[in-house]
Amino acid sequence: MGNENREVLLSVRDMVVDFGSRRDPFRAVDHVSFDVYKGETFGLVGESGSGKTTIGRAIIRINPISGGEVLYRGERISGKISREKDREVTRKIQMIFQDPMASLNERAKVDYIISEGLYNVQKDLTEAQRRERVERALTAVGLLPEFASRFPHEFSGGQRQRIGIARALIMGPEFIIADEPISALDVSIRAQVLNLLARLQKERDLTYLFVAHDLSVMRFITDRIAVIHKGVIVELSETEKLFAHPLHPYTRALLSAIPLPDPIREREKKLEVYDPGCHDYTVDKPEWVEIEPEHFVRGNRAELEEYRRKLAE
Amino acid sequence: MAEATVTAAPVILSVRDLDVKFNLRGRVLSAIRGISLDLYQGESLAIVGESGSGKSVFTKTFMGLLDQNGEIAGGQILYNGQDLAAFKTEKQWRAIRGKEIAMVLQDPMTSLNPLKTVGSQIGEAIAIHQGLRGSALRDKVLECLSDVGIPDPESRRKQYPHEFSGGMRQRVVIAIAVACRPKILICDEPTTALDVTIQAQILDLLKNLKKKYDLTTIYITHDLGVVANVADRIAVMYAGDIVEIGSCEEVFYTPKHPYTWALLSSLPQLGIKGQELYSIQGAPPNLFTEVKGDAFAPRNPHALKIDFVERPPYFEVSPTHKARTWLLDPRAPQVEPPEHIRDLQKEGVRRYGK
């Protein structure tokens with residue numbers, strides 16, 4: 001697939017997110033840039049504290065960004081934007097949260113949880129229209145319409161995550177940020193939720209930004225993956241290329257940590273541990289280079305030399 | 001290999017026909033339905049199953065940690081010549097808990113006391129069981145901390161749990177569990193709440209501690225993927241029963257029960273991109289009502305008629321491998337496992353030669 005004819009839906013340019021006071025800031029996201037094409041699933045992988053969730057939250061403007069910008073269909077959506085724009089973005093970009101046990105309002109009925117967004121953005125809907133939308137959203141995620149009158153505690157983890165997905169869908173989004181949507185679920189339920197997300201993508205032409213720490217899930221669902229460490233993207237590539245030639249030591253460490261469902265290979269496997277001290281960037285500064293088509297990696301001259309040699313093998 | 005050592009080792013804990021029932025608002029739920037299991041000295045057993053399959057309840061009975069409304073309705077748990085199932089008082093349990101059998105819980109964020117320093121929480125167990133005080137206690141605590149790979153134990157022991165990362169906290173929980181050198185260590189989903197990279201490190205740590213202190217370990221998990229590396233034997237639980245048990249190789253390479261097939265198939269590691277991941281249809285049975293026949297039958301695409309009528313007995317596949325499914329009956333039709341299970345099997349045959 002050539003990239004030239006693919007449409008860029010979302011573009012993150014030089015994003016910086018700082019937390020803490022101005023005197024003692026903590027940089028969670030450090031000059032991150034990437035594009036997400038329309039219709040693809042873009043994965044963001046890293047361990048806890050890498051800033052992957054913060055990027056997702058900054059895109060839908062839960063966390064303010066301190067530098068850079070976010071473009072949606074070529075228009076800036078970060079910082080100060082007009083009220084119409086704000087409403088449009090709220091509708092077009094939705095989020096699915098990690099823990100279905102914590103992300104649903106326990107005191108509200110499913111009906112209200114799912115349609116809360118509509119109350120805010122589409123106030124002109126009649127009660128009957130709203131009901132119908134809720135029913136359709138519930139059916140789309142494989143739940144029964146009569147569940148609308150129940151409370152979240154009556155549902156299992158997998159069902160609750162479906163409610164979370166229905167809540168995002170009802171807005172008719174184009175772009176969904178899924179923040180570890182399956183890591184809190186049982187393995188057998190994971191498969192169901194992943195299949196549901198894949199089906200919805202096909203039916204509704206959705207674009208996903210998929211945030212996770214587990215590369216094994218990523219391989220299955222994403223088209224491209226960015227690996228992020230301490231707020232910096234260290235490698236970005238088409239999924240299969242990343243698995244075929246992982247170059248950056250951090251990516252390799254993440255890959256080697258995937259548990260294999262195969263006792264012999266698992267016992268033979270060598271666990272690689274990433275030590276950030278292995279880079280010597282004092283003199284030779286790292287660059288962001290397209291080392292093979294559609295495969296970017298961060299490294300200094302010596303490292304890139306090494307990566308090229310590996311690729312040639 | 002691993003198998004030989006497993007079968008030759010003496011039995012350390014023996015469960016006989018265990019039944020556990022819970023009373024919920026006047027209704028009775030059968031959480032464990034007649035499980036028998038021998039745990040061998042020095043082995044590492046993994047118990048795998050979905051949420052609600054009873055895997056946690058099963059191991060909680062070994063420590064007398066059932067909830068108030070639960071009770072052992074039948075069967076025995078034999079340990080060291082005592083029947084743990086017959087224990088009545090807390091005093092009896094205190095001689096077992098921590099000292100003989102210890103447990104690592106799932107979520108390190110909630111299993112530590114946020115108001116006490118890490119050092120005092122580890123010291124508490126040692127003081128109670130070994131009666132150490134003062135500087136002897138302090139030295140022991142430091143030893144425990146460095147045992148589980150926490151750097152700079154001298155200053156770390158004075159810190160509170162919130163000053164530790166998730167992985168480090170789980171190390172502390174493990175330090176508490178092994179502080180009194182138990183014989184059996186039960187790890188209830190020890191890595192589910194952790195990152196993949198940390199998960200691998202914690203599993204490594206548990207493996208090393210097992211070797212160092214000659215522990216017998218039980219891993220409880222819902223993820224078959226993580227146990228390939230750590231388990232000698234695997235027991236697959238469904239609806240309060242062990243449906244298949246065998247050595248690690250046997251369960252991964254030649255699984256016999258359709259539920260084991262389903263669990264393996266739903267792993268994303270084995271999925272093929274662009275195709276639907278295999279997912280188990282339907283929901284686990286309602287354990288408030290009596291289960292008739294094979295509990296997995298309603299969700300099993302290969303179910304036979306008899307599966308709905310009579311509960312299958314264990315069929316022996318090898319001396320170490322047995323499964324509770326009518327498919328193994330000589331009269332049953334030949335049913336091929338799903339495709340990627342067969343691929344895994346081929347891989348196993350090639351490398352394992354069986």
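The values are calculated or read from the model by the stated rules, or taken from the named source; none is laboratory data. Remember, it's a predicted structure, so these values are computed and weren't measured experimentally. We place every Cβ from the backbone using ideal geometry, glycine too, and count neighbours over all the protein chains shown. Each accessible area value is taken on the protein alone, full model and side chains, heavy atoms only, with ligands, DNA and RNA left out. Shrake-Rupley method; radii C 1.70, N 1.55, O 1.52, S 1.80 Å.
Just for segment A:204-222: of the residues that are more than 14 Å from every other protein chain (Cβ to nearest Cβ) and over 20 Å from A:Ser103 (Cβ atoms), which one is least open to solvent (accessible area, probe 1.4 Å)? Walk me through how you get there before you give the answer.
Here is the first cut: in segment A:204-222, the residues more than 14 Å from every other protein chain (Cβ to nearest Cβ) are A:204-209.
Checking the rest, the ones that are also over 20 Å from A:Ser103 (Cβ atoms) come to A:204-205, A:207.
Working: A:Arg204: 103, A:Asp205: 87, A:Thr207: 1 Å².
That would be A:Thr207.
Condition first: open to solvent by 20 Å² or more (accessible area, probe 1.4 Å), on the phi < 0 side of the Ramachandran plot and modelled with pLDDT of 90 or more. Now tell me which residues in segment A:172-188 satisfy that.
A:Glu174
When you scan segment A:243-250, do you find a residue that is over 30 Å from A:Ala166 (Cβ atoms) and within 11 Å of chain B (Cβ to nearest Cβ), even just one?
Scanning segment A:243-250, I find at least one residue that is over 30 Å from A:Ala166 (Cβ atoms) and within 11 Å of chain B (Cβ to nearest Cβ), so the answer is yes.
Could you list, in sequence order, the residues of segment B:239-259 that are among the hydroxyl-bearing types (Ser, Thr, Tyr) and more than 11 Å from chain A (Cβ to nearest Cβ)?
B:Thr254
Taking the conditions exactly as written (within 14 Å of chain B (Cβ to nearest Cβ) and among the β-branched types (Val, Ile, Thr)), does A:Ile291 satisfy them or not?
No, not satisfied.
For segment A:261-281, which positions are facing chain B (nearest Cβ under 7 Å) and open to solvent by 40 Å² or more (accessible area, probe 1.4 Å)?
Residues satisfying the conditions are A:Arg267, A:Leu271.
For segment A:142-154, which residues satisfy the criterion of being within 14 Å of chain B (Cβ to nearest Cβ) and in contact (Cβ under 8 Å) with a residue 40 or more places away in the chain?
If the condition is that a residue be within 14 Å of chain B (Cβ to nearest Cβ) and in contact (Cβ under 8 Å) with a residue 40 or more places away in the chain, then A:Gly142 is the only one that fits.
Considering only segment B:96-117, state which residues are open to solvent by 70 Å² or more (accessible area, probe 1.4 Å) and either under 17 Å from B:Val178 (Cα atoms) or touching a Pro at 6+ places or on another chain (Cβ under 7 Å) (or both).
If the condition is that a residue be open to solvent by 70 Å² or more (accessible area, probe 1.4 Å) and either under 17 Å from B:Val178 (Cα atoms) or touching a Pro at 6+ places or on another chain (Cβ under 7 Å) (or both), then B:Lys99, B:Leu105, B:Gln106, B:Pro114 are the ones that fit.
Tally time: how many residues in segment A:124-134 are open to solvent by less than 90 Å² (accessible area, probe 1.4 Å) and either at positive phi or in a helix (DSSP H, G or I) (or both)?
The number of residues fulfilling the criteria is 5.
Return the residues of segment A:177-194 that are over 22 Å from A:Ile59 (Cβ atoms) and of a type in the set (Gly, Ala, Ser); say none if nothing qualifies.
If the condition is that a residue be over 22 Å from A:Ile59 (Cβ atoms) and of a type in the set (Gly, Ala, Ser), then A:Ser188, A:Ala191 are the ones that fit.
Considering (1) within 21 Å of the chain's Cα centre (by Cα); (2) in contact (Cβ under 8 Å) with a residue 60 or more places away in the chain; (3) more than 14 Å from every other protein chain (Cβ to nearest Cβ), say which one B:Glu290 fails and leave the rest.
Unmet condition: (1).
Would you confirm, using the coordinates I've provided, whether B:Gly167 is in a helix (DSSP H, G or I), within 20 Å of B:Asp188 (Cα to Cα) and small (Gly, Ala, Ser)?
For B:Gly167, the condition - in a helix (DSSP H, G or I), within 20 Å of B:Asp188 (Cα to Cα) and small (Gly, Ala, Ser) - is met.
Considering segment A:233-277 alone, what residues qualify as being over 16 Å from B:Leu270 (Cα atoms) and among the charged types (D, E, K, R)?
A:Glu235, A:Glu238, A:Lys241, A:Arg252, A:Arg267, A:Glu268, A:Lys269, A:Lys270, A:Glu272, A:Asp275
Run down A:Ala253, A:Ala226 and say which single residue is hydrophobic (A, V, I, L, M, F, W, C), buried (at least 19 other Cβ atoms within 10 Å of the Cβ) and within 30 Å of A:Ile163 (Cβ to Cβ).
It is A:Ala226.
Just for segment B:289-314: of the residues that are open to solvent by less than 60 Å² (accessible area, probe 1.4 Å) and touching a strand residue (DSSP E or B) at 6+ places or on another chain (Cβ under 9 Å), which one is nearest to A:Arg199 (Cα to Cα)?
Out of the qualifying residues, it is B:Phe296.
Keeping to segment B:160-194, report how many residues are at pLDDT below 90, charged (D, E, K, R) and buried (at least 21 other Cβ atoms within 10 Å of the Cβ).
0
Taking the condition within 21 Å of A:Thr222 (Cβ to Cβ), acidic (Asp, Glu) and open to solvent by 20 Å² or more (accessible area, probe 1.4 Å), does A:Glu154 pass? Talk me through it step by step, then tell me what you get.
Details: within 21 Å of A:Thr222 (Cβ to Cβ): no; acidic (Asp, Glu): yes; open to solvent by 20 Å² or more (accessible area, probe 1.4 Å): yes.
Here the answer is no, as A:Glu154 does not meet what is asked.
Can you tell me which residue among B:Ala177, B:Ala262, B:Ala235 is outside any loop (DSSP other than H, G, I, E, B) and farther than 30 Å from B:Pro338 by Cβ?
Details: B:Ala262 fails: farther than 30 Å from B:Pro338 by Cβ; B:Ala235 fails: farther than 30 Å from B:Pro338 by Cβ.
None of the others qualify; the one that does is B:Ala177.
Only one residue in B:Ser146, B:Ser135 is in a helix (DSSP H, G or I), more than 26 Å from B:Gln201 (Cα to Cα) and open to solvent by 50 Å² or more (accessible area, probe 1.4 Å). Which one?
Just one listed residue meets the conditions, B:Ser135.
Which condition breaks for B:Lys207 when tested against (1) at pLDDT below 90; (2) open to solvent by 50 Å² or more (accessible area, probe 1.4 Å); (3) within 11 Å of chain A (Cβ to nearest Cβ)?
Unmet for B:Lys207, out of (1) at pLDDT below 90; (2) open to solvent by 50 Å² or more (accessible area, probe 1.4 Å); (3) within 11 Å of chain A (Cβ to nearest Cβ): (1).
Please give the number of the condition B:Leu215 fails out of (1) over 23 Å from B:Gly52 (Cβ atoms); (2) within 12 Å of another protein chain (Cβ to nearest Cβ).
(2)
Out of B:Phe315, B:Phe308, I need the residue that is under 25 Å from the mean Cα position of the chain (by Cα) and under 30 Å from B:Leu29 (Cβ atoms). Which one? Spell out the reasoning first.
Details: B:Phe308 fails: under 25 Å from the mean Cα position of the chain (by Cα).
Criteria check complete, one pass: B:Phe315.
Please determine whether any residue of segment B:35-46 is over 30 Å from B:Asp294 (Cβ atoms) and loosely packed, with under 14 Cβ neighbours inside 10 Å.
Within segment B:35-46 (the criterion being over 30 Å from B:Asp294 (Cβ atoms) and loosely packed, with under 14 Cβ neighbours inside 10 Å), the answer is no, since none of the residues qualifies.
When you scan segment A:1-104 for strands (runs of 3 or more DSSP E) that lie fully inside it, which ones turn up with 1 or more residues that are among the basic types (Lys, Arg) and either touching a strand residue (DSSP E or B) at 6+ places or on another chain (Cβ under 7 Å) or open to solvent by 50 Å² or more (accessible area, probe 1.4 Å) (or both)?
Hits in segment A:1-104: A:8-19, A:26-37.
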